[in-house]
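Please treat every number below as a calculation from the coordinates, not as lab data. These numbers were taken from a predicted model, which means no experiment stands behind them. No Cβ is skipped: glycine too gets one built from the backbone with ideal geometry, and neighbour counts run over all protein chains shown.
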């Protein structure tokens, strides 16, 4: 699941999984390396063993080094002055700030969408995603988790594109690539978070309220709702780091957060 969510973030093909056979060597290197880092294969501050990683991913060092450059730009890796890279370390404030910034930029996208109007095809995509999420949540005893993950990611992708600004969409994507800042960051940790299904249903009500505000051209309301929606990730992050700190090994990306 962690690798699947990583693919969604990296390719902006939310709602579908890219077949590995159609991926370039660079794509495989980026997704594989990011998955290893977020999955806790390396500790924060650890030097990245290029030869071992290339062998593990079944790649040459050329695409791996290109992938390392990409992850440096994303903030997951840091360049070492003597050569090579090390895995980045994040403070709790870094993650909280990243979630807050994502909420601010997504909120701006929602406000501008309300003010500028949204193309009908994008609204159709948003409503289709919301209907699918409703379907995923229909049976409280049998949540269709994979469907929820796909459609939640699709909804947020539509939201990012709704204001017709490639700059804003690109910045939302960039912030979402940081550990634990994505709208899907904690969806793989459902067994760890109390009242998880209630949280998903509350998030879905927020989704519908956001779209309603956009359609009704209520820019300030759309922005406020979207920023509040992003803070659900912060609530889950605070729970996992404060109430259940021993669970960090089970949460993709949480191993990179410094304990103090």
Q: Quick one: grab the alpha carbon gyration tensor of region 92-256, order the square roots of its eigenvalues as a ≥ b ≥ c, and give me rounded if a/c is under 1.5, else prolate or oblate depending on whether a/b is larger than b/c.
A: oblate
Q | Virtual spin-label span in nm between residue 170 and residue 212, 7 Å along Cα→Cβ | A | 3.6
**Q.** Extended-chain gain in nm, criterion 0.36 nm per residue less alpha-carbon gap, residue 61 and residue 46
**A.** 3.5 nm
Q: Using label points projected 7 Å from each Cα along Cα→Cβ, tell me how many nm separate residue 258 and residue 73, to one decimal.
A: 2.7
Q) Which ordering of 85, 163 is given by a fewest-first count of other beta-carbon atoms within 10 Å? A) 85, 163
Q: For a footprinting-style exposure proxy, rank 55, 141, 28 by other Cβ within 10 Å, fewest first.
A: 141, 55, 28
**Q.** Spacing of the two label points (7 Å from each Cα toward its C-beta) at residue 128 and residue 145, in nm
**A.** 2.7
